[in-house]
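**Student:** Would you mind keeping the following structure in view while I ask a few things?
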Amino acid sequence: MLGSLVITWQYHIDAEPQMIGLHFLAMSAGYIIAARLVKRLLERVSLKTVGLWCTGLAFASLLALAFLAPPAAAQWRVATLGVTGIAAGGFITALFYANEPFFSEAPAYAANRAGALFVGGSLLATIVDGSTYFGGSIRLQTAMLSVVPAIFFFVYLFNQYELAAHPPQVIREDTLRETLKDLRSVATMLFGFLVFFQFGIEWALAGWLPLFLIRTMGINPVTALWALAMYFLALMIGRLVAQFLLPIVNHKKLLLLSVAAAMVGYLMLSLTAFTSLAFVAVIIIGAGHAPIYPLITERLDDRFSYHPGFYSGVISLAIAGAMTTPWLLGYVDSYLGMRFVMLIPAFGSVAVLLLSVLIMLEARLMGGKRGDQNEVLLA
């Protein structure tokens with residue numbers, strides 16, 4: 001939601017780039033801290049209790065942001081976004097435990113659908129801000145976002161899901177040993193780096209696209225927000241479509257095509273002076289990024305045994321990349337200029353390509369080793 005909120009708060013007029021970046025960093029820090037603490041808390045507290053506290057905290061922090069909108073000092077909004085990050089980190093960690101049966105059955109399918117829904121939530125927040133921008137009240141725009149966690153508070157209050165009514169079961173020693181083995185594996189490290197960079201470059205655009213379009217092309221804020229909505233829509237639809245294409249398309253070719261499309265889109269966005277071409281570039285970038293996450297998550301079925309704490313840690317890495325990159329881009333804007341902001345994610349796409357190739361190579365080598373071991377056992 002931050003990519004649209006900074007426009008709602010009129011940061012495109014006179015806010016310092018470094019201060020804008022601090023908003024993303026605060027939310028990231030809150031998320032990571034909560035994700036670590038809630039994993040320990042869930043040993044004694046039910047999932048439903050954690051869900052209620054986190055949705056209530058999210059509602060309160062978003063409502064507080066409405067009252068802390070400009071002209072209130074930006075430091076108050078930064079601190080409140082940290083609380084919002086705490087609510088999100090605790091809530092998503094609890095969801096990984098609550099959805100353990102679904103992830104255990106088909107990790108790749110569940111992870112890809114969750115990723116698409118995550119982008120869908122971002123799309124919803126952008127549409128809300130874009131539709132109410134000329135409504136005359138900055139506080140109303142921000143307050144409307146608090147309705148979402150309020151709805152989920154009552155959903156979980158009356159929910160009868162049996163697994164959520166108790167603390168998660170104690171981790172068996174063999175499951176813990178299996179998880180630690182996953183954490184030490186080369187594949188896990190590569191996957192962690194990949195989600196860090198991939199989410200980082202995806203959300204670099206999500207955080208700075210409206211500011212970039214307004215400051216470099218002079219377009220009005222509502223048009224900039226609708227461009228951001230188009231990016232989220234292309235990303236969400238692309239991920240859902242990619243899931244059906246994976247069984248019939250060569251994965252290496254799809255990966256190369258995706259990264260090439262994203263880089264072309266970033267270059268087009270950085271160099272064009274026309275709004276129509278900027279919209280086309282945004283759609284190309286979204287479509288280019290979309291298949292990369294599904295390409296990697298499909299390997300989860302074979303490479304990793306599911307454990308909620310493990311997945312929560314991986315997603316924390318992804319969120320760290322998603323929020324840290326927009327923070328760093330504040331310094332890029334300050335020292336190099338806004339035109340360079342979109343070139344940084346283009347170079348990040350190269351890192352994603354290299355990591356993806358390494359993951360595929362590692363999976364093939366390890367698959368070959370397992371095959372050799374099976375042949376020995378059969379002999």
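**Student:** Taking a ≥ b ≥ c as the square roots of the Cα gyration tensor eigenvalues, with a/c under 1.5 meaning rounded and otherwise prolate when a/b beats b/c, else oblate, which class fits region 1-111?
**Tutor:** Since a/c reaches 1.5 and a/b is larger than b/c, the shape of region 1-111 is classed as prolate.
**Student:** Between residue 339 and residue 249, how high is the FRET efficiency from 1/(1 + (r/R0)^6) when r is the Cβ-Cβ distance and R₀ = 25 Å? Nearest 0.05.
**Tutor:** Rounded to the nearest 0.05, the efficiency is 0.10.
**Student:** Which chymotrypsin sites (Phe, Trp or Tyr not before Pro) does region 218-274 hold that lie in a coil by DSSP with at most 13 other beta carbons within 10 Å?
**Tutor:** Here the sparse-neighbourhood loop sites are 274.
**Student:** Right, something else. Quick check: residue separation of residue 256 and residue 277 times 0.36 nm, minus the Cα distance between them. What number comes out in nm?
**Tutor:** Value of the extension gain: 5.3 nm.
**Student:** Moving to a separate point now. At residue 220 and residue 40, where each label point lies 7 Å from the Cα along Cα→Cβ, what is the point-to-point distance in nanometres?
**Tutor:** 5.2 nm
**Student:** Can I ask one more? Given 0.36 nm per residue, what is the gain on full extension from residue 79 to residue 165 after removing their alpha carbon distance, in nm?
**Tutor:** 27.8 nm
All of the numbers you see were taken from the coordinates with simple rules; none came from a lab. Given the structure is predicted, the values throughout are model-derived calculations rather than measurements. Using ideal geometry, Cβ is built from the backbone for each residue, glycine included, and neighbour counts are taken over all protein chains shown.
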